[in-house]
Amino acid sequence: MITTPELIEKRTAFLPFALPDIGDEELAEMAEAVASGWITTGPKTRAFEAAFAEFVGAKYAIAVNSCTAALHLALEAIGLKAGDEVITTPYTFAATAEVIRYFDARPVFVDVEPDTLNLRADLLEDVITDRTRAIIPIHIAGLAADLDAIYAVAERHNLVVIDDAAHSFPATYKGRMIGSESAFTCFSFYATKTITTGEGGMLCTNDEAWAERCRIMALHGISKDAWKRYTAEGSWYYEIIAPGYKYNMTDIAAAMGLVQLRKAEAMSARRLHIAERYHAVFGPSAALEIPADRADCRHAWHLYMLRLHLDQLRIDRAAFVGELKARNIGTSVHFIPLHLHPYYRDLYHFEPEDFPVSYREFQREISLPIYSKMTDEDVDDVIAAVLDVVDQYRA
Ligand SMILES: *Cc1c(COP(=O)(O)O)cnc(C)c1O
């Protein structure tokens, strides 16, 4: 190990923006799945679904191979049709809106709150038409959107609320678990998310008919799944009732998920601890704005979305990212608003200023590493690097 003081000052190894926290327990559980001979959807997946449903307080949880698949299945279950409209925000990842386009339906964007970067519920009424079918709020970074306000509008106009909860496990809104009460809640277990299965997702709902439809469509539109077909109690007979998809989770992935779920509280506590250390140091800096939090919500801290006060700095966000990289700190940017991307820009003739808050906040956002595998020294290094860049480039 290199321990000379000159070299400790600056990190000698690059700190990745995100890393999964996978240990021997996950490997053992996955090995067990492989050794059992049942590697695709089976008992581990059923156990993961049951444990997850209980954790979030959902009646039904359907394990799938991505959050994108879960979002797609939810829209399929409500019978979304070409020409229908679904309201969401441009301040999100590709998945949220592409699933709407799968149906040749229209994503209708509303801008976000400047502090939380979540959907502005007070803008919903302005964009609702007789083609509107659903609202997809994103709980960005892990902080819940204003669900009560969204539910109120949804109820008035008979719209379905589908949470994009890719960032928000485990999280609460006014003491209620995310996943327990929206018509559908879609979680992600992608490699960088708060718990991971490599690739994976979970679709939660309290509606039996919707759950049944999603389960069928997640596996070829077949009326019985393979697990039941090939066990002693099952039979060879099945029926295809619709052209479904291939969205099922494997037992190898579910084995990882089962262990990650058991570690979720500990990993979440570690993320919160890192967030609090960042708040304490960055909060007082005139050049930095720390992410919003709400006293009545539990934040999952999937992301630490720092924002720069660009008028206090001589460099822009891109240069700030470069300076951190030069100090061996990996960062990311969340998100390039969807209306700026060529596909949506050209299809709907968007201008950057059509969603001014999304456009403005994106330009000064920088996401710092925040994950349970980070050591206290890693956190120290991020803090030192950010403060050093601020010092060096203060306006
Ligand atoms: C990661 C992410 C998704 C997609 O999750 P996958 O499991 O990769 O499909 C959807 N929405 C948001 C906001 C995300 O960050």
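The values are calculated or read from the model by the stated rules, or taken from the named source; none is laboratory data. Worth saying up front: this structure is predicted, and the values here are computed from it rather than measured. Virtual Cβ from ideal backbone geometry, glycine too; neighbours counted across all protein chains shown. Quick note on the areas: whole protein, heavy atoms, side chains included, nothing else; ligands and nucleic acids left out. Shrake-Rupley method; radii C 1.70, N 1.55, O 1.52, S 1.80 Å.
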If you roll a 1.4 Å probe over the chain with all protein chains in place, what percent of the accessible area is carbon or sulfur? 55 percent
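Restricting everything to alpha-carbon atoms, can you work out Rg to Rh for the chain with a Kirkwood hydrodynamic radius? Numbers along the way, then the final one.
On the way: Rg = 21.9 Å, Rh = 22.1 Å.
That ratio equals 0.99.
Beta carbons within 10 angstrom, averaged per residue: use that to sort the peptides 258-269, 338-349, highest first.
258-269, 338-349
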Tell me, what is the Rg over Rh of segment 24-260, with Rh the Kirkwood radius over Cα pairs? 0.98
Gain in length, Val127 to His309, computed as 0.36 nm per residue apart minus the alpha-carbon separation, to one decimal in nm? 62.4 nm
Over segment 24-260, what is the relative contact order in percent, taking alpha-carbon pairs closer than 8 angstrom and at least six residues apart? 28 percent
Within the chain, what is the number of lysine pairs with alpha carbons under 24 Å apart, leaving out pairs fewer than eight places apart on the same chain? 25
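Determine, for each peptide in 208-217, 124-133, 272-281, the mean count of other beta carbons within 10 angstrom over its residues, then list the peptides with the highest first. Please list the in-between numbers first.
Numbers: 208-217: 18.7, 124-133: 14.0, 272-281: 16.6.
Descending packing order for the listed peptides: 208-217, 272-281, 124-133.
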In whole percent, what relative contact order does segment 1-139 give with Cα contacts below 8 Å and a gap of six or more residues? 18 percent
For segment 127-276, how big is Rg over Rh, using alpha carbon atoms and the Kirkwood form of Rh? 1.02
Comparing Ile87, Ile336, Ile241, which has the greatest mean-square fluctuation in the GNM of the chain with Cα pairs linked when under 10 Å apart? Ile241
Kyte-Doolittle mean at least 0.0, axial Cα span of 27 Å or more - DSSP H helices of the chain: 251-282
Helical contribution to [θ] at 222 nm, DSSP H n ≥ 4, -39,500 (n - 2.57), averaged over the chain, rounded to 500: -11500 deg cm²/dmol
With a cut-off of 8 Å between alpha carbons and a minimum separation of six or more residues, what is the relative contact order of the chain in percent? 22 percent
Nearest 0.05, what FRET efficiency do Ala395 and Arg277 give at R0 = 30 Å with Cβ-Cβ as r? 0.70
Placing each pseudo-label 7 Å from Cα in the direction of the beta carbon, Ala266 and Asp388 end up separated by a distance in nanometres of 3.2 nm
